[in-house]
Structure formats: structure tokens, C-alpha cells
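Remarks on the structure that follows.
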Amino acid sequence: MIYSEKVMDHFANPRNVGEIPDANGVGEVGNAKCGDIMKMYLKIEDNVIQDIKFKTFGCGAAIATSSMATELIKGKSVEEAMQLTNKAVVEALDGLPAVKLHCSVLAEEAVHAALSDYYRRQGLDPAMFGLKNSCDGCCSGCGCEAEEAHS
Amino acid sequence: MRVYADNAATTRTDPEILEKMLPVFTETYGNPSSIHTAGRDAFFVLKEARDRTAKALNALPDEIYFTSGGTEADNWAILGAAKKKAAKGRHIITSAIEHHAVLHTLEKGDFDVTYLPVNEQGFVSCEDLEKAIREDTVLVTVMMANNEIGSIQPIRQLADIAHRRNVLFHTDAVQAVGHIPVDVKELGVDMLSLSGHKFSAPKGVGALYVRKGLLLPNLMQGGAQEKGRRPGTENVPAAYGMSLALEKAVTGLEDKMKKLSALRDKLINGILDTVPYCRRNSPAENCLPGMVNVSVQYLEGESILLMLDMNGICASSGSACTSGSLDPSHVLLALGLDHETAHGSVRLSLCGQNTEEEVDYILEKFPQIIARLRAMSPLWEKVEKKEG
């Protein structure tokens, strides 16, 4: 299994690692049993993602996809960030090995979970904006859309 | 610095052995089955290889069958024994921590399999084997030393139990041969698998020891090579190289084991002393001399491996991400580890070529790498907050 140079770069020098103490949108997906957890912190002002940080427990691809996802949506509007797909993350990383595609799904889910949290804090229902309750990204059989994307 | 600490995966071919092998490719290149001089020359090289291999294992030359490696030897032993004893039944006993060459062979076959559990150090119990043997048991196959954690099983006792109940005994000794004393007569096994590339011989060659008098049915059909039991033109250079590597490995073995064990202990104790929340997976006693296996909690193994590699250190892991499946290593789960802890496993396997300087280098880099990765782990964040 070979990682692209971009994946290795984002693993070795991950962008936007850390926490945002006054974040107004926080999302965590995955679980330790499956070997990956991603936590995203958003600081949204004037409908723009002013700052984004992440912490990830997982393999090289999990760290690299988290890093790339944060880069892709930093400075974007909330609506633009909602359009982030795992495919965009994979393309930006010059591809991922097939067995690692679920990591990119998890990165997408983490961003969406943080955005959902942001809406909830505004007293709004995330579903109104097309955000579903994200699955935990684990592949052990919840049968959701994200899981199908894993396989 | 570049440190190769993945010798349980494979070893570097000993350059001295390679050099001695080369003339077998270019000078004694004949087919050992041919009648002419070139064939006879090759025949004698192969005979020498067989004699030398047998001697190193305290076997008879007639009891050594060269194979393509450990996997073929395991497949042949299991499927051959099962076929031979088919009239008696199809119950086979193995351990929960075998290599996939054994486990998948058993799963794919039409067998009734009992998996002996292991304790948290990775050892099967004689009592469990005693209880598991049935009227229709045809084979017990238990590995001599485990490839992930290094636990060395009491093969002699286990084989005795099987024999008292008139059951054949096979051991996958791929990780053991060349690393710890292996005497087939003393062990009392009926079959034993070994693989050259685990002890500085080239890849693609191994052997199955089959006790004299046990007529094991073939795995493959073909020519009359290996007394008709293992057809296919023999890989003479590789068999020759393997025999030399084995002879070299067992020469002064006790001293080498002592030296390597000291290096291993320095490495594992150094890691356990400097990295908090780190679990020892390889047993403190009855462990392969070069084997170190630890679980670093709140991290996933593959990320550790990648960062070790960026620092020039080659290691391996039993995490799901490195096993190519969704579950972490079956060996670590069999020890009773939860998935999370198994995902954070790191195996460092040393050989006689590793130096103290290299171990010091690993001990310098390892804690730094762990600290760096933990700084990005949301699980570690929780631990730190809890501890204040």
C-alpha cells in the first residue's frame, strides 16, 4: 500500500492541528474500537469559517484527510463548507488507497458534524440545511450511507 | 540512521550466504534429476543442503522436504495429515494465535476446528489441549513461536499429549528455527514447518520436516522430486543457501540468544520506562530473543509506523489499518486486548545484526514520536484533561 506524496506531506506536517477554546461548532465522529476518531473545531463569524482546528486518532490517512479537509474549508462560507465531499478530499490528496477511502468519508462527516453543532447552537435544526445526523464512521454495520461508501 | 527492526517479517539475506549461492546458479546449475554430469553435480549440492538442514534440526536427511516456504509447508502438513487420517475424522485442534497460513488453511477446508485459547501472555495450556482431544481428532497443529508477540509454546509437552491419544502433531516453527534451539527428536513432533527468509536465507524456500514412517499424501502432483512427495524442480541454489544460513544460525546459538535477549530487554524496558500508558504485549519469559511488542494507548499503530519510518526505523503493527482488514490482529485480541489497545500495537523485531547503538536510537526517537502523535489525538486530550 503506497500513499501519495501529498498524503505523506499532510501526515508529516498536518495543517490546523489543535483546539479552538471559543469554538462555536464542534464535531466528533468515529470511535476508538474502529481505530479512528476525528474531532473538528470551527470558529464561524459572519457566516465564514474564520478558523478551524482538528485532532485525530487514527492512521496516516485519517490524519492526512483531516488536515486536508480543514485546508479545503478554511475561509469558506458555511454553505460552501457544507458542500465538502470525501471525493474532494481524496482528489486534493492525489488519491487514497482503496482500503483508506473510509478515512475521507470520516473527514467529511467530521466537518458536517461540526457544522451541525454550529446550527444547533444557533437554535436551528441542522436537517433544515440538508445536514443529517452523521454516523460514527465506524464500519461495523450501522448500514448507513457512509458505510456503503466505505465498501 | 536507518534501523531495520522488522526481522520477524523478513531478514536481509546474509551477503556471505548469497556469495556462496551464486555458483549454484551459474556453475552447478543442472537439474538434480538429470543423469548427466551437470545434473549429478546439482544432485550433490542438493544432497549437501538436505544433510546440512537435517543436521541442524537433529533430523534424518530423508525427513527433510524442501518447499517454497513456510506457507506451503503448513498447507501440506495440515491437508496431508487430514487426508491421511480422513477415515478417523475431521477434527483438528489448533491455537487461536496461529499464522494465517494455518488458520486460513483450516477455515477453507472441510474441518471441525477447535481453537485453543491463550492466556494474556500468549501461551496455550496443556490441560486445554488434553480436554479438546476427541475420538475423531486427526491433528494438533500449534505454532512453536508466535510471529507477533514471540511467545514460545511448550511444544514437547503438547506433542506428548497428542501422541498419548494417538493424534498427529504438527508445529509451525517458522519464527523459531534459527532463533531458538529446535531439535525435532527432542520435541517429538511429527511435522515441522520452517522458512528460510526468517533466518537470513533468501525468500521462496522453506522445508517441511516429516517424521520417518509418516507417509504424508502429496499436496501437489507432478514429477518424482523429493521422493515423489513434493514435485517440481528443486530450487537448488535457495535450498543450498538456506542450509548454510541455518547452519550459521545454530552455531553458538545459546550465546547469540543471550546477547539478543539483552538487547530486546533493553529496548522494551526502555520503551515502557519512557512512554506512559504503554502495555507490554510480548511475554517477559519464554519469548523469542528478538521480539518486542507493545501497545501505545490512545494512538493507532499505522501512524506510529509511518513516523518511525520517517525517522529511518522499520517496524510493524497489528492494527486494523496495517492488517488490511477492519479488525486488529487476531493474536492481540486473543490475548484479551480490547480493539483500541490492539490498534496501538507496535512490533519491533531484532536480529543478531542489530546493534546497541541502533536500540539507543530507537529509544531516543520512540518517545518523541509518541508525544508528537498524542498531541494530535483527541483520546489523549481526554486523558490529559482528566489528569489535570
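Every number in this text was worked out from the coordinates using simple rules, so none of it is lab data. Quantities reported herein were computed from a predicted structural model and do not represent experimental measurements. Note: ideal-geometry Cβ built from the backbone for every residue, glycine included; neighbour counts use all protein chains shown.
Just a few scattered comments:
- Residue exposure proxy: B:Tyr209, A:Tyr118, B:Tyr65, ordered by other Cβ atoms within 10 angstrom of their Cβ from fewest to most, comes out as B:Tyr65, A:Tyr118, B:Tyr209.
- Applying the criteria of a DSSP loop state and at most 16 other Cβ atoms within 10 Å to the GluC sites (Glu not before Pro) of region B:1-37 yields B:Glu27.
- Computed from the alpha carbon atoms alone, the convex hull of region B:252-387 holds 115 Å³ per residue.
- Partner lysines for A:Lys39 [C-alpha distance under 30 Å; skip if fewer than 8 residues away on the same chain]: A:Lys6, A:Lys53, A:Lys55, A:Lys74, A:Lys76, A:Lys87, A:Lys100, A:Lys132, B:Lys365, B:Lys382, B:Lys385, B:Lys386
- Inverse mean reciprocal Cα-Cα distance (Kirkwood Rh) of chain B, Å: 21.8 Å
- Computed [θ] at 222 nm, deg cm²/dmol, the protein assembly as shown (DSSP H ≥ 4; -39,500 (n - 2.57); rounded to nearest 500): -13000 deg cm²/dmol
- Percent breakdown of C-alpha pair distances by 10 Å bin, ordered from the shortest bin, for the protein assembly as shown: 4, 17, 23, 21, 17, 11, 5, 2, 0, 0
- Kirkwood radius and radius of gyration were both taken over the C-alpha atoms of region B:300-359, and their ratio Rg/Rh is 1.04.
- Kirkwood analysis of the Cα pair distances in region B:1-151 returns a hydrodynamic radius of 18.7 Å.
- Restricting region B:203-304 to GluC sites (Glu not before Pro) in coil, as DSSP defines it, with at most 11 other Cβ within 10 Å: B:Glu285
- Put in line by how crowded their Cβ is, counting other Cβ atoms within 10 Å and starting with the fewest, B:Ser282, B:Ser349, B:Ser125 read B:Ser125, B:Ser282, B:Ser349.
- Across q = 0.09, 0.11, 0.14 Å⁻¹, region B:196-305 modelled as identical point scatterers on its alpha-carbon atoms has Debye log10 I(q)/I(0) values of -0.45, -0.62, -0.82, in the order of the q list.
- Annotated for region B:1-148: lysine pairs at least 8 residues apart or interchain, Cα distance under 20 Å, count 8.
- Residue order, fewest to most surrounding Cβ atoms within 10 angstrom, among B:Lys85, B:Lys55: B:Lys55, B:Lys85
- Other-chain or far-sequence residues with amide H under 5 Å of B:Ser151's (modelled H): B:Asn146, B:Leu288
- By the Cβ rule of 4.7 Å, chain B holds the following cysteines without a possible disulfide partner: B:Cys126, B:Cys278, B:Cys287, B:Cys314, B:Cys351.
- With θ taken as phi - 60° and the Karplus curve 6.51 cos²θ - 1.76 cosθ + 1.60 applied, the whole-hertz 3J(HN,Hα) list for region B:257-274 is 5, 4, 5, 5, 4, 5, 5, 4, 5, 4, 5, 5, 5, x, 5, 5, 6, 9 Hz, x standing for glycine and proline.
- Chain B: antiparallel DSSP beta bridges as a percent of all, rounded to 5: 50 percent
- Trypsin sites (Lys or Arg not before Pro) within region A:25-84: DSSP coil, no more than 10 neighbouring Cβ in 10 Å: none
- GNM result for chain B, Cα springs below 10 Å: residue of B:Thr137, B:Thr28, B:Thr71 fluctuating most strongly: B:Thr28
- Projecting label points 7 angstrom from Cα along Cα→Cβ for B:Asn31 and A:Ser4 puts them 5.0 nm apart.
- Choice from B:Gly204, B:Gly213, B:Gly232 showing the highest fluctuation, given a GNM over chain B with Cα pairs closer than 10 Å: B:Gly213
- Cα-based shape type of region A:5-150, given that a ≥ b ≥ c are square roots of the gyration tensor eigenvalues and the cut on a/c is 1.5: oblate
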